[in-house]
Amino acid sequence: MMFEEEFSIRLAKLRTKKGVSAREMSLSIGQNAGYINNIETGKALPSMSGFFFICEYLNITPQEFFDTESQQPEKLGKLIEDLKKLNDRQLTNISEIVESIVNNK
């Protein structure tokens, strides 16, 4: 799959998870109504500043945008920020809980 296609698909998935239309997102980031649709259909790619506005709107970092293994980057980012505030014992306890959940699929 080409980079442009992957970018379009990722944007569509993240926007859909946020529960907004392409038109609504376009207008919210100060672009014309068809801006996001043109990116998602492969007709255009955003400028670098446009990409940063997209990430800001989705409340994710550019790194999280490209981490396609993460289906919930906004939630994961918030969780990681919270985990950084825990002490060693608390982090160990949370780690054991997560490991237990993952291993008991």
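A few points about this structure:
- With respect to the conditions (1) over 30 Å from Val98 (Cα atoms); (2) surrounded by 12 or more Cβ atoms within 10 Å (Cβ to Cβ), Phe3 lacks only one, and its number is (2).
- Residue within the stretch 30-47 that is of a type in the set (Asp, Glu) and at pLDDT 95 or above present: yes
- Residues located in the stretch 1-24, provided they are of a type outside the set (Ser, Thr, Tyr), within 19 Å of Pro62 (Cβ to Cβ) and within 14 Å of the chain's Cα centre (by Cα): Glu6, Phe7, Ile9, Arg10, Leu11, Ala12, Lys13, Leu14, Arg15, Lys17, Lys18
- Within the stretch 1-22, being in a loop (DSSP other than H, G, I, E, B) and of a type in the set (Asp, Glu) holds for no residue.
- Residue check for Ser95: surrounded by 12 or more Cβ atoms within 10 Å (Cβ to Cβ), farther than 19 Å from Phe7 by Cβ and either outside the structural domain of Lys18 (by TED's automatic domain parsing) or without any contact (Cβ under 8 Å) to a residue 40 or more places away in the chain (or both): yes
To keep it simple, each residue is scored yes or no on (1) loosely packed, with under 15 Cβ neighbours inside 10 Å; (2) charged (D, E, K, R).
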residue: Ile9; (1), (2): yes, no
residue: Ser49; (1), (2): yes, no
residue: Glu56; (1), (2): yes, yes
residue: Asn59; (1), (2): yes, no
residue: Glu64; (1), (2): no, yes
residue: Glu69; (1), (2): yes, yes
residue: Gly77; (1), (2): no, no
residue: Lys84; (1), (2): yes, yes
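The values are calculated or read from the model by the stated rules, or taken from the named source; none is laboratory data. Because the structure is predicted, anything quoted here is derived from the model rather than measured. So basically every Cβ, Gly included, is an ideal-geometry build from the backbone, and we count neighbours across all protein chains shown.
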